[in-house]
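Take a look at the structure below.
Just so it is clear, none of the values below were taken in a lab; they were calculated from the coordinates. Small disclaimer: the values here were computed from a predicted structure and weren't measured. Reconstructed Cβ throughout: ideal geometry from the backbone, glycine too, with neighbour counts over all protein chains shown.
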Amino acid sequence: MSAHTRLIIALDLPTTEAAQEAIDAIGPAGQFYKIGYQLMPVGGLALATRLSGEGKKVFLDFKFHDIGATVERGVKSICKLGGDFLTVHAEPDVLKGAVDGRGDDARLKILGVTVLTSLNRDSLRQSGIDMAVEALVLKRAEFAAEAGADGVIASAQEAAAIRARFGDALTIVTPGIRPAGADANDQSRIATPADAIAAGADYLVVGRPILAADDRASAARAILAEIEAA
């Protein structure tokens, strides 16, 4: 894969107009874009279809979480958007519903969300989960593999363990990416682009370090250069 394909730029912005402004500013450095909750209800679905039609790759970060039958119907509808990646929570019934709903669509890849990169061991304990983060990530990655999902969302801190356990059977998409010296913001388990690639990540999701930059295109190109050098 090229660096341009491996970098997923998160369009975590309040309007599709702001998202399009970012896309225009980033220019050729952006080939793969993530659309999540913030854009979804304000035109994000139409934007996804438009980007797909323009030849861009699209990551639909919708994190479906419901009974399997409901997820199955939702994913069948999502297939019409022409997306490349779709996230669902990595629980057996949810994963099965998503895989069934995707059916024979060769383009859409189902990714199971393991443990959000904003969480740590203390956060898990507050939710009643007395398990190390890595152990829980691997357990949920196993659910994804057993259900026939294509990959997982996991931090770089667990990527090496996932790769060691599952080899190339699961694609690893890693958020919480911060260039050296960047602010961690609300993320707990972060890594630089180079460290994430070295750990085994296939794709890197980057939002604020690019969107908040004075020169968004230069910020994206700097991350691409770090990916290429890894």
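Could you check the spin-label model distance between H65 and R165? Points 7 Å from the Cα along Cα→Cβ, value in nm.
Between H65 and R165, the simple spin-label model gives 1.9 nm.
Placing one identical point scatterer on every Cα of the chain and ignoring solvent, what is log10 I(q)/I(0) from the Debye formula at q = 0.12 Å⁻¹?
Taken in order of the listed q values, log10 I(q)/I(0) reads -0.62.
For region 1-30 and region 136-177, compute the distance between their C-alpha centroids and round to whole Å.
25 Å
With θ taken as phi - 60° and the coefficients 6.51, -1.76 and 1.60, list the Karplus ³J(HN,Hα) couplings across region 192-198 in order, rounded to whole Hz; mark glycine and proline as x.
6, x, 4, 5, 5, 5, 4
Determine, for region 1-153, the count of lysine pairs separated by eight or more sequence positions (or lying on different chains) whose alpha-carbon distance falls under 19 Å.
So the count of such lysine pairs works out to 20.
Under the 0.36 nm per residue contour assumption, what length would be gained going from the current alpha-carbon distance of L124 and D104 to full extension?
Length gained, L124 through D104: 3.6 nm.
In nm, to one decimal, how far is the modelled label at E21 from the one at R73, with both set 7 Å along Cα→Cβ?
Simple spin-label model gives 3.9 nm for this pair.
When the label point is put 7 Å from the Cα of A229 along its Cα-to-beta-carbon vector, which residues of region 188-212 have a backbone N closer than 16 Å?
In region 188-212, the label zone of A229 (backbone N under 16 Å from the point 7 Å along Cα→Cβ) covers 192-198.
Can you run phi through the Karplus equation (6.51, -1.76, 1.60; θ = phi - 60°) for region 149-159 and list ³J(HN,Hα) in whole Hz, with x for Gly and Pro?
Those phi angles translate into 5, 8, x, 9, 9, 7, 6, 4, 5, 10, 4 Hz.
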